[in-house]
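Sharing a structure, written as structure tokens. Questions coming.
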């Protein structure tokens, strides 16, 4: 208990499956990670890797036919996976909040920005109208929106994409959460705006000593803004470690391939190193290692499922090859 | 990306004037000097859109009286550029800067408001319908979203084969072979020809989109963000395919993208757009090594790189792009520019050559 005093979140052996008519989709299969106060964890992977479902599982936002089959989600000492919906409602948007990918669709176009921020404030706090007005202005100012009093009366369409995402962040911050889950918060934004928004989020996490899970497909982005990185592939966690470990000395062939295939770091105008093939269908995964069909280093033993094991200094990889060397 | 944040007002060493071999000798053209050799040339192209499209939308009740409101989106504001045979010209900029509008105007999906587009010696900007057809075959486009750009009711055979029939590349008898041949070129199996788009993954769909673009053997292929909708590990595959095909078919690319690391890899020349203006244009290695325009530097500094993991607590500007409805007077970038002078608020900086083959539109280049 003492050792984990500043651990905000511990996910252990999380399994989220979708039971569809065509078969069982193992969207998240035995995923474990943890997060300390003031830390930003990057969850990287391609679409379908299970990174968003991992985020939704923490918030209990998995709808049927999906279900958390196994695993524990320990948030501030309590197991969220075992909690009934009635109790999750009190945590969701209060102690854990979420920033969504598309600021266009996550705000309601028919209500003012002010209404939507105040709604988030009132949902979990017992405060007067005058106080909410004051607090809402403060939140907008905090996320860097000028003349907040006037802006609160405006509708989402009157905001630009970057501004809308700032509003999304303000709503997520409304209840001063201990954990923020940001699902591709900057994917819909331009590079210059992306840098602004992520800088803001990082600053807020550090100021308030909360923690953040940044879900993204952009490994370069994660290298810049996160402290630790988890790489997911086909529903499994294939590698995790500090950002230096993952970016500078990737151990899993998938991570290696991903980093090697990023243009801009290689000699210009030459063929890029590419990972052949594509991610397997989650309903029809190969025996053993899910990366096996695309892996340049695959051997006979890879038909066994590799466990995530430590390869030094907290750097872990799920690959027999990385363990041998 | 930016090595130094100071604009050097003296002529910088190393990339200064005469030390460069002349641009034309390496097959890269200077648009002002040698226009006859370029494949496609755009001159003072302007594309404006009306916000209120008709009289019913224009009439508004304002301040107690009826007014007619006519707002104009200045999407492209007098762009001139030349694309040379065999090169890959990248068009970069933030969303709303007019890069896609420019690409779509070139291919004829928009009619230019003013200005000319020349294919070789022929003006094609004003052509429509049957008149345009012979040029249409020469210029093709790969769209951003492989999910919405393929007709879900048509089989791959029809999607790829139709342009071939339309342009008389092949007759009905030879169609099947021609389609299978082009599918093989983009790395798709022959059995895929009888399938529908929904049966493919994003990467495969984009290959179909590329096959369709190549079907009528174009010279110029415009890629409008062709890989940004794809997964990271698939992006490299499609980029490699595009580079292979360029070599094999001697293609010229106009590559529209906001992803600067991709642009750095694939392009030979870069044109940076801001609010419908080209603010800087130069060869790729040079512009990335030493961007001249303050906007180019801002853009390049925002790219996350793998080399530098240190978090930079923002040298980023807090402001966002102004709307192309109300363009700022003077330099379009002056409200965000850290080096803005009095002059920038009133005088429009003309895009001019600062070194051979390198153009920039900034008043800072005039001083010193």
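The values are calculated or read from the model by the stated rules, or taken from the named source; none is laboratory data. Values in this document were obtained by computation on a predicted structure and should not be read as measured data. Virtual Cβ from ideal backbone geometry, glycine too; neighbours counted across all protein chains shown.
Need a quick list: strands (runs of 3 or more DSSP E) entirely within region B:231-311 having at least 3 residues that are within 8 Å of another protein chain (Cβ to nearest Cβ), over 19 Å from the mean Cα position of the chain (by Cα) and over 19 Å from residue B:97 (Cα atoms). Step through it out loud before you land on a result.
On the way: elements: B:252-257, B:269-274, B:277-283.
Those strands (runs of 3 or more DSSP E) do not exist here; none qualify.
Another question, then. Is region B:92-106 home to any residue that is in a strand (DSSP E or B), outside the structural domain of residue B:286 (by TED's automatic domain parsing), modelled with pLDDT of 90 or more and touching a strand residue (DSSP E or B) at 6+ places or on another chain (Cβ under 7 Å)? Walk me through how you get there before you give the answer.
From region B:92-106, those in a strand (DSSP E or B) are B:92; that's our starting set.
Now narrow it down to the ones that are outside the structural domain of residue B:286 (by TED's automatic domain parsing): B:92.
Retained after the next criterion (residues that are modelled with pLDDT of 90 or more): B:92.
Next, from what is left, pick out any that are touching a strand residue (DSSP E or B) at 6+ places or on another chain (Cβ under 7 Å): B:92.
Yes, that holds for at least one residue.
Further question: State whether the residues of region B:207-220 include one that is closer than 28 Å to residue A:184 by Cβ, outside any strand (DSSP E or B) and not assigned by TED's automatic domain parsing to the domain that holds residue B:162.
Going residue by residue through region B:207-220, those that are closer than 28 Å to residue A:184 by Cβ are B:207-210.
The next check asks that each one be outside any strand (DSSP E or B); those that pass are B:207-210.
The next check asks that each one be not assigned by TED's automatic domain parsing to the domain that holds residue B:162; those that pass are none.
Within region B:207-220, none of the residues are closer than 28 Å to residue A:184 by Cβ, outside any strand (DSSP E or B) and not assigned by TED's automatic domain parsing to the domain that holds residue B:162.
Next question, about the same structure. For region A:46-69, what are the residues that are more than 18 Å from residue A:98 (Cβ to Cβ) and assigned to a loop (DSSP other than H, G, I, E, B)? Before the answer, list the steps.
First, the residues of region A:46-69 that are more than 18 Å from residue A:98 (Cβ to Cβ): A:46-49, A:64-65, A:67, A:69.
Correct list: A:46, A:47, A:48, A:49, A:64, A:65.
Considering A:181, A:169, which residue is over 18 Å from residue B:323 (Cβ atoms), in contact (Cβ under 8 Å) with a residue 12 or more places away in the chain, in contact with a strand residue (DSSP E or B) (Cβ under 6 Å, 6 or more places away or on another chain) and in a helix (DSSP H, G or I)?
Every option except A:169 fails the conditions.
Could we say that residue B:271 is closer than 27 Å to residue B:225 by Cα, buried (at least 22 other Cβ atoms within 10 Å of the Cβ) and at pLDDT below 85 here?
Criteria not met by residue B:271.
Find all pairs meeting these conditions: Cβ atoms under 6 angstrom apart; at least six residues apart or on different chains; first residue within region A:81-101 and without any contact (Cβ under 8 Å) to a residue 60 or more places away in the chain; second residue assigned to a loop (DSSP other than H, G, I, E, B) and buried (at least 18 other Cβ atoms within 10 Å of the Cβ).
Here the result reads A:88/A:60, each pair linking region A:81-101 to a residue that is assigned to a loop (DSSP other than H, G, I, E, B) and buried (at least 18 other Cβ atoms within 10 Å of the Cβ).
Test residue B:140 against the stated conditions and say whether it is in a strand (DSSP E or B) and over 28 Å from residue B:358 (Cβ atoms). Lay out the reasoning, then the answer.
Details: in a strand (DSSP E or B): yes; over 28 Å from residue B:358 (Cβ atoms): yes.
Yes.
Also: Could you figure out which of (1) modelled with pLDDT under 90; (2) closer than 30 Å to residue B:323 by Cβ; (3) surrounded by fewer than 17 Cβ atoms within 10 Å (Cβ to Cβ) isn't true of residue B:46?
Residue B:46 satisfies all of (1) modelled with pLDDT under 90; (2) closer than 30 Å to residue B:323 by Cβ; (3) surrounded by fewer than 17 Cβ atoms within 10 Å (Cβ to Cβ) except (1).
If you don't mind, another one. Before we move on, is residue B:201 within 11 Å of chain A (Cβ to nearest Cβ), modelled with pLDDT under 90 and surrounded by fewer than 21 Cβ atoms within 10 Å (Cβ to Cβ)? Steps first, please.
Details: within 11 Å of chain A (Cβ to nearest Cβ): yes; modelled with pLDDT under 90: yes; surrounded by fewer than 21 Cβ atoms within 10 Å (Cβ to Cβ): yes.
Criteria met by residue B:201.
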